[in-house]
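Visitor: Attaching a single structure in structure tokens format; questions to follow.
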Amino acid sequence: SKDCHLTFEVEDGIICQCDSNRIEQVLENLLTNAMKYGLSRPIDVKLQSLSTHARIRVHDNGNGIEEQDYKLFSDR
């Protein structure tokens, strides 16, 4: 509905022992925020293996958080 392009990059062979419903909820929240604040710019999603962990990265190409507001989030 936001007319933005999504790309997915997924490493082969990643096996996750996790609560799939919670992972789905987190990913849905990240994508919703990316669509809301990404200014209809492309959204890149990457799933990669980090030894014993996996990382999901969502990059929305939006303006980001203003520097003066970023400290509010980094202190939590």
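The values are calculated or read from the model by the stated rules, or taken from the named source; none is laboratory data. Fair warning: this is a prediction, and the values are worked out from it, not measured in the lab. Ideal geometry is used to build each Cβ from the backbone, glycine not excepted, and the neighbour counts take in all protein chains shown. Please note that ligands, DNA and RNA were not included when accessible areas were found on the heavy atoms of the full protein model with its side chains. Shrake-Rupley method; radii C 1.70, N 1.55, O 1.52, S 1.80 Å.
Visitor: Set the Förster distance to 35 Å, then compute FRET efficiency between Leu47 and Asp3 from the Cβ-Cβ distance, nearest 0.05.
Guide: With a Förster radius of 35 Å, E is 0.90.
Visitor: OK, next. Using a basic spin-label model with each label point 7 Å from the Cα along Cα→Cβ, how many nm lie between Asp19 and Ser40?
Guide: 3.7 nm
Visitor: How big is the antiparallel share of DSSP beta bridges in the chain, given as a percent to the nearest 5? Please report the intermediate quantities before stating the final value.
Guide: Working: 7 of 12 bridges.
The antiparallel fraction comes to roughly 60 percent.
Visitor: At a 1.4 Å probe, what is the % contribution of carbon and sulfur to the accessible area of the chain?
Guide: 48 percent
Visitor: Using a 10 angstrom cutoff on alpha carbons, build the Gaussian network for the chain and name the most mobile of Val45, Val58, Val26.
Guide: Val26
Visitor: When only C-alpha pairs under 8 Å and at least 6 residues apart count, what is the relative contact order of the chain, in percent? Please list the in-between numbers first.
Guide: Values: 85 pairs, mean separation 25.8, N = 76.
Relative contact order of the chain: 34 percent.
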